[in-house]
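Report on the following structure.
Every number here is computed from the coordinates shown, using simple stated rules; none is lab data. All values derive from a computational prediction rather than experimental measurement. Methodologically, a virtual Cβ is constructed for each residue, glycine included, from the backbone with ideal geometry; neighbour enumeration extends over all protein chains shown.
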């Protein structure tokens with residue numbers, strides 16, 4: 001089952017409207033992604049780290065998320081210093097590490113984690129449903145919002161169908177091995193998952209049509225933007241503006 | 001005195017499944033206004049198909065569906081019909097798709113044009129009426145089978161239909177929930193048509209019984225619905241009897 005563990009909570013961040021989190025998240029992401037200055041990415045990483053701390057996520061869960069993302073940056077640390085080239089090198093045992101390579105790997109690590117912190121603090125504190133509705137209110141086409149919300153919903157259904165079939169196979173003594181029988185069984189499993197999810201989706205669609213659905217999802221909670229929301233938006237946008245302005249002052 | 005046309009009427013409905021030569025349903029005529037009807041028949045005889053035709057989910061080869069004397073021609077007409085008729089699916093999992101119970105129950109009213117506040121109020125009231133107070137924020141896919149069935153019923157009742165079509169509502173319910181459902185159906189103002197293989201269930205909730213035999217819908221006249229006490233092992237579990 002796909003959970004949204006970070007969206008559970010009652011901090012100031014969780015109570016903010018999705019719209020005032022989406023806009024600054026986009027701003028900070030753009031700044032961090034496009035900047036090549038250590039000062040900007042480093043400060044950004046610290047600032048988003050502070051935001052993340054304020055949203056009080058579960059530490060164990062947070063660590064697992066950060067680790068799983070940083071497995072990718074670890075690959076860069078293994079490869080870039082050895083392959084990047086350049087004139088300046090750093091002797092390390094019998095290897096000559098490229099200083100430029102280390103620079104780039106650091107930069108990418110800072111960017112990745114800054115953006116990750118920003119998303120965890122701002123976006124993960126809302127449910128996908130409220131983010132979808134928030135995006136729609138910000139002017140994203142209705143069809144795209146619908147696609148986002150329903151792809152997300154359908155993931156659960158497909159996952160459940162797959163688990164059910166897999167359980168059925170296991171209960172009848174199926175043990176995966178490197179054999180043609182295993183491959184054939186898995187191809188049947190995937191095929192059946194697809195067919196069953198399709199049928200299921202059709203029935204869910206019928207249920208929706210029967211209840212008056214005509215293409216527009218109307219959210220039950222339609223929160224008004226409050227003063228705190230505007231204040232939050234202004235503060236974070238100001239921070240991102242300052243972040244973007246750093247290279248012009250230093 | 002002018003007699004009102006029946007709420008729902010079927011005229012000469014013939015339907016064949018794609019890829020089959022002989023029709024599943026043949027020249028079916030039926031009408032109902034305020035009756036409580038039970039529909040029994042063997043698996044695959046077309047009971048659910050009949051419901052799907054009434055709701056406009058399937059198009060018959062021949063024949064017409066009428067709502068209060070008006071022929072339903074296209075999707076727009078059926079949208080009107082679906083406000084008046086509520087269809088409870090055999091599998092509640094197909095019917096519940098919102099994250100929380102309240103959102104799911106409010107989905108219908110919102111689509112029918114209620115404001116979020118009204119929809120919330122209607123939903124809370126509907127849930128309360130079914131004895132589901134306090135279920136509002138529960139996660140739909142984590143409910144038990146019986147709870148899912150009752151919540152699915154709530155999602156339909158919140159649209160305030162005039163007639164309920166219930167497809168095997170007592171399936172897989174424990175005796176207690178089954179009794180609870182019988183009580184609820186007896187107390188509701190709405191008329192209903194219930195598909196079931198559970199004769200005792202139908203006897204407690206319906207006044208007439210229909211069956212589908214040889215592609216035809218037949219009103220059972222000869223048989224009187226009745227129940228009597230009897231004894232056998234595990235008799236306190238829901239079970240079926242020969243007719």
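Could you work out which residue, out of B:84, B:76, B:47, moves most in a Gaussian network model of chain B, that is, has the largest mean-square fluctuation with Cα springs under 10 Å? Between B:84, B:76, B:47, it is B:76 that shows the largest mean-square fluctuation. Each label point was placed 7 Å from the Cα along the Cα-to-Cβ direction; for residue B:172 and residue B:31 their separation is 3.8 nm.
Return one quarter of the surface area of the convex hull spanned by the alpha-carbon atoms of the stretch B:5-70, equal to its mean projected area, in nm². Could you put the intermediate results ahead of the total?
On the way: hull surface 18.4 nm².
Reported value for the Cα convex hull: 4.6 nm².
Across B:58, B:88, B:163, mean-square fluctuation computed from a Gaussian network of chain B (C-alpha pairs under 10 Å connected) peaks at B:58. Estimated translational diffusion coefficient (Stokes-Einstein, Kirkwood radius over Cα pairs, 10 °C, 1.306 mPa s) of the stretch A:183-225: 121 µm² per second. The mean number of partner chain beta-carbon atoms within 10 angstrom of a residue's beta-carbon across peptide B:74-81 is 1.
So what is the 222 nm mean residue ellipticity for chain A from helices alone, if each DSSP H run of at least 4 adds -39500 (n - 2.57) and you divide by all residues, rounding to the nearest 500 deg cm²/dmol? If you can, show how the numbers build up before the last one.
On the way: 9 runs with 181 residues, N = 250.
When only DSSP H runs of four or more count, the value is -25000 deg cm²/dmol.
Given a cut-off of 22 Å, what percent of all Cα-Cα pairs of the stretch A:64-161 lie beyond it?
Values: 2628 of 4753 pairs.
When all Cα pairs of the stretch A:64-161 are counted, 55 percent exceed 22 Å.
Once the Cβ-Cβ distance of residue A:178 and residue B:3 is raised to the sixth power relative to R0 = 60 Å, the FRET efficiency obtained is 0.20. Its Cα gyration tensor gives the stretch A:139-210 an equivalent ellipsoid. The semi-axes, each the square root of 5 times an eigenvalue, are 32, 13, 9 Å from largest down. If the elastic network links every pair of Cα atoms under 10 Å, which of B:113, B:56, B:129 fluctuates the most in the Gaussian network model of chain B? Largest GNM mean-square fluctuation: B:113.
Of the listed peptides B:18-30, A:145-157, what is their order by residue-averaged count of other C-beta atoms within 10 Å, with the highest listed first? Write out the running numbers ahead of the final one.
Numbers: B:18-30: 13.4, A:145-157: 15.5.
Highest mean packing first, the order is A:145-157, B:18-30.
If you take each beta carbon of peptide B:95-103 and count the beta carbons of other chains within 10 angstrom, what is the mean? Before the final figure, lay out each step's value.
Numbers: counts 7, 2, 11, 4, 6, 2, 0, 2, 4.
For this peptide, the per-residue mean of nearby foreign Cβ atoms is 4.
Shape summary: the stretch B:105-151 maps onto an equivalent ellipsoid whose semi-axes, from the alpha-carbon gyration tensor, are 20, 11, 9 Å in decreasing order. Using only the Cα atoms of the stretch B:80-159, each taken as one equal point scatterer with no solvent, compute I(q) by the Debye sum, divide by I(0), and report log10 of the ratio at q = 0.15, 0.20, 0.23 Å⁻¹. Log10 I(q)/I(0), no solvent term: -0.44, -0.80, -1.06. One compactness figure for chain A is 1.30, namely its Cα radius of gyration divided by 2.2 N^0.38 Å. Taking only alpha carbon atoms, the protein assembly as shown gives an Rg to Rh ratio of 1.09, where Rh is the Kirkwood radius. The largest-to-smallest principal axis extents of the Cα set in the stretch B:8-219 are 49, 38, 33 Å. Placing dummy labels 7 Å off each Cα toward the beta-carbon, the span from residue A:231 to residue A:8 is 2.9 nm. Each residue, residue A:64 and residue B:188, gets one label point 7 Å from its Cα in the Cβ direction; the gap between the two is 4.2 nm.
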